[in-house]
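Heads up: the structure comes next, in structure tokens.
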Amino acid sequence: KSVQALGDLSSGTDVVIGPGRSSVSFHTAAITGAYELPQISYWSTSTDLSNTEKYPRFMRTIPSDHAPASDICSFWKHELGLSTVAVIYQQDPYGRAYEEVAKTECQSLGLEIVSSGFSDDDSIREASIRSAVRSLSNSSAKAVLAVTFPPSLDLIVNAALQTGLLSAGTSWVFPDSVTAAELDMVVSDEGRAAL
């Protein structure tokens, strides 16, 4: 759909604005780059989009995920004094790139990091989330970065409650893909209380 929305780029288009999601920007940025048209995104933060060889005309008005991932790892290490942390992430271009940069940044600070991805395919999402949460709950992580979007929030939180991954003494962080209002809207009362 995103590629169709670009329309005929040869008929006087000067610049493409959007899309908001990194997973969509990967497709459109490759096309706009081939046409040598600038593409400016207001919300696509995946660090992979910074590759100027693949996406030579892609720009953004928001920083990439590198800075927040680095800051989260620094906070865990220096402010909370943690040694083991975890990342649960949606297996799309945004989630995989965020997990990768978080892993690199945390490891550079000497943190042990465990991670597990889950599918965004609706037909297997719930089982995939339960499996990912279960694998992380077997670690000694005292902080979790959940790289996801609102449709998966309640499933992640409920699975984490059931396995003990979400409990007193465990810090949870959500990136800019999740707002406080969305947490309030989609997470159960029990989940919100635990967070």
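Structural remarks
- With Cα atoms, 0 to 90° folded angle of helix 22-34 axis to the chain main axis: 20
- Near Val147, the amide H atoms lying under 5 Å from its own belong to Ile88, Tyr89, Gln90; only residues 5 or more places off or on other chains count, and H is placed 1.01 Å from N.
- Net charge, Ser167 excluded, C-beta distance under 13 Å - Lys, Arg +1, Asp, Glu -1: 0
- Gap separating the Cα centres of the range 35-65 and the range 122-139, nearest whole Å: 31
- For the peptides 126-136, 58-68, 12-22, 83-93, the ranking by mean Cβ contacts within 10 Å, running from highest to lowest, is 83-93, 126-136, 58-68, 12-22.
- If you wrap the range 117-195 in the convex hull of its Cα atoms and look at it from every side, the mean projected area works out to 4.7 nm².
- The chain, helix-only ellipticity at 222 nm - DSSP H runs n ≥ 4, -39,500 (n - 2.57), divided by all residues, nearest 500: -12500 deg cm²/dmol
- Counting only protein heavy atoms and a probe of 1.4 Å, the accessible surface of the chain is 49% carbon and sulfur.
- Relative contact order for the chain, counting Cα pairs under 8 Å that sit 6 or more residues apart, in percent: 15
- Working note: Cα atoms of the range 57-104, range along each principal axis, descending, whole Å: 41, 23, 13.
- The residues of the chain have, on average, 50 Å² of accessible surface per residue, using a 1.4 Å probe with all protein chains present.
- Degrees separating the helix 125-137 axis from the principal Cα axis of the chain, which is the longest one: 50
- Computed from Cα atoms, the angle from the helix 150-163 axis to the main principal axis of the chain rounds to 20 degrees.
The values are calculated or read from the model by the stated rules, or taken from the named source; none is laboratory data. Just so it is clear, the model here is predicted, and its values are computed rather than measured. Ideal geometry is used to build each Cβ from the backbone, glycine not excepted, and the neighbour counts take in all protein chains shown. Ligands, DNA and RNA are excluded from the accessible area calculation, which covers all protein heavy atoms including side chains. Shrake-Rupley method; radii C 1.70, N 1.55, O 1.52, S 1.80 Å.
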